[in-house]
Structure formats: structure tokens, C-alpha cells
1. As a check on your grasp of the helix formula, calculate [θ] at 222 nm for the chain: sum -39500 (n - 2.57) over DSSP H runs of n ≥ 4, divide by the residue count, round to the nearest 500.
2. Once each part is reduced to its C-alpha centroid, what is the distance from the range 339-356 to the range 206-261 in angstrom?
3. Could you state the number of Å between the C-alpha centres of the range 296-328 and the range 67-110?
4. Going by alpha carbons, how many degrees (0 to 90, nearest 10) lie between the helix axis of 78-87 and the longest principal axis of the chain?
5. Place a point 7 Å from Cα of R220 in the direction of its Cβ. Which residues in the range 326-363 have their backbone N less than 19 Å from it?
6. What FRET efficiency comes out for D56 versus R167 if R0 is 41 angstrom and r is the Cβ-Cβ distance? Round to the nearest 0.05.
7. Can you sort H161, H224, H111, H281 from fewest to most other Cβ atoms within 10 Å of each residue's own Cβ?
8. Residue farthest toward the positive end of the dipole of the chain, with Cβ of Lys/Arg at +1 and Asp/Glu at -1: which of H176, V255, Y71?
Amino acid sequence: MKVLFVVNNHYATGNGLSASCRRTVEYLKEAGVDVRVLSGRNHEADAPQPDYVLDDFKFPIFEKLIHAHGYQFAEYNMDVFKEALAWADLVHLEEPFRMQRHLARLCRKMHKKVTGTYHLHPENLFCSVHLGWLKPLNDITMRLWRRAYDVCSDIQCPTLHVVQRARKYGIKARLHHISNGIIPEVYKRPAVEPERPFQIVCIGRLAVEKDQWTLIRAMRYSKHADKIQLYFAGRGPEEQSIRKAARKIYEKGIVKYEPIFGFHTREELSDLSARSDLYVHCATIEVEGLSCLESLEQGTVPVIARSPWSGTPQFALDRRSLFKARDAKGLARKIDYWYEHPAERKRMAAKYAASTREYDIHKSIEQLILMFETALNE
């Protein structure tokens, strides 16, 4: 089975889509699947390049903002497309963007089997320009995306929430509920927690849809704010704004410990989660939220925003780990509960760590291979 993975930039850092794609390709190869990548070039010096290289596409007006999100679009090239398709048995689209739509049309002409992954919602694109809630714009975008999706016979949907949305939008392909998966890690949480502030970790891009501001505002309502230290792990276009808001609650004495900001490798994030007391996920728009799963794997009890556009709430084991999106007071109540019940938090830590086993990436790869075989053998 020769599978061609198609993504705008396989090597971009700072966005979950490219990271997930790299991980999936690596584990598919480990499982014996012959995989090649069609992508924009890698701009790191002396770094590996995709098997089929596309030039960058400069997006008018928004290029700087796109780069701030850790993203880069690729320009379509029919000669490169034909070379790649001549090799492939099956084409897998990681996105439904302009480049993939051109490739999808060529796949149809060449009678190539095509599958895809639903990695992001239309709202993800427009939140940064504060148009994420404009339904007509999102509907128009999905109609464009369907030009790629409707060429696919099968689509991976990382959460049940995505399955429901894809059906709502009338996507015709067979929908497969397959998590992007996490790499199994050794449980690192210490048996006895050292003396330190109550640490809340918030992992993810510093962006509008991740809504880190709600966590900062929640400190104004928490009864235990003076004992809490916030740790924001990520970078993104809203970094300066979020840093400013976090600095303000420290300078005003709302929190005693200055919030920490950092950008880390996956291994470092695993260590950070293992020494944190609570994981807060405020995102209003999220397809899956692997950073949440990876934190849960280390026994970090979560508090997750419930939103119509997020699939992450499926990881909560009960309502104590859920709050209404953008409700800072509601979030503060959940934080206070977990602070005041350390024994229960410790008990649930083990349960949350155990719950992540079903998201082992090896299981996801097995299911993905079955999806590819279904597409090839239909």
C-alpha cells in the first residue's frame, strides 16, 4: 500500500495539525506502510524535505498572521502533483484548502482513491480576525472545503463531535471516528507532591479561539487565587495581549505568584503536566485537543470548556471537570473545588491517566490502516 500524505506544510511548528501529521506518518511507516509526503518545503537549514516539494503560497494581507499561528500555505503545482500521483495507490488529504482542492480534481481525473482527515473547523480560520461566529462565512467556507472532502471515500474524524458536524454539513464520505492518538508515556507524577504553589497549566497556541483570557479572569473570582500559579505553555499571535492581562492580575495582587510563559517540546510538556495540579482547557473551538489528552496521561485532572464547537469535553469523566465556555465565575468554582479536595483530585488523577489508554496512537494507526484498506478495496 503506497499512501501519499498531502499537507500544506509538514514541518511547521506551533500548530497541532502539522505535529499530528508528522506523528501519524512516522507511526504508519513503523507499521510497515509505504508513505510519502507532498508538502511545502521545510525552511529549517539542513533539515529533511518532503518527498514531493511545493513552493510557498503567499496569502494576501494575512501572511503575517498566518505565520504567527505557526502555519504556511503551499502553492499547487500540476507537474509535482502528477509525479506524486503516478507513485501513489491512495492519496490522503490532511486539509481541504486551495492546494488540496486542485489536487482532488486531478485525483478524480486520474481515478485515484482519496481519503482525508477532518482536522479543523471553518471557525478556526476566522477567530483571529474576530469573524469566527459569522455563520454565513463559515457555511461558505465549508462549501469550498467540500470540493476536497466530496472526492474522499472515507474521512477520519478525531472525535464524535466532528462526526456529528461532518454529517450536519452533508459530507458524503464514510466517516470514521479515529483519534489522532497520543504516544504512550511513562507515568511521571510523584507519589508525594513537593511544597509549592498550586500550579494550573494551560497548554496550547496563544490565540483567540484558545481563550486563555477566561482563565486569567477566573482568578478574580477564585477564593484561592493567592495560592495559585498559572503556567501558559505555548506561543501565538495573542501572546502579548495574554501576557499583559496575566501581568495585570499579578501587579494588582489578585495572584501572589507571577504567571509563567514558555514554549516546550512534547517531552518537556509531559514533565510539566506531571508536576502540575490542574489542567485548564478554555478553547471555544477545538477538533480534538491532544494537548489535553497528553496532560491527562500524566494524571493532571482537567477542567474543560463546554462549547458547541469543541470536541475536547468528551475527555471529561464527570461534570466536575466541565464548565461553560467563557464563564470565568463557573471556571473559578471548578478550580476552587479541586483545590479544596486534594484527596479526590489524587484519586481522579489515576482514573484520568487510565482513561487515555484508549487513545494510544498504535490503536489509531491500526484503525487508520483499516480505513485505507476499505478505501482501496471498495
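Values in this text are rule-based calculations from the coordinates and carry no lab data. As the structure is a prediction and not an experimental result, all values here were calculated from the model. Backbone-built Cβ (ideal geometry, glycine too); neighbour counts: all protein chains shown.
1. On the way: 14 runs with 152 residues, N = 378.
Value at 222 nm, helices only: -12000 deg cm²/dmol.
2. 24 Å
3. When both Cα centres are located, 35 Å separates them.
4. Between helix and principal axis, roughly 90 degrees.
5. Output list for this probe position: 326-336.
6. Values: r = 35 Å, r/R0 = 0.85.
Efficiency at R0 = 41 Å is approximately 0.75.
7. Working: H161 22, H224 14, H111 6, H281 27.
Exposure proxy ranking, most exposed first: H111, H224, H161, H281.
8. Highest projection toward the positive end goes to V255.
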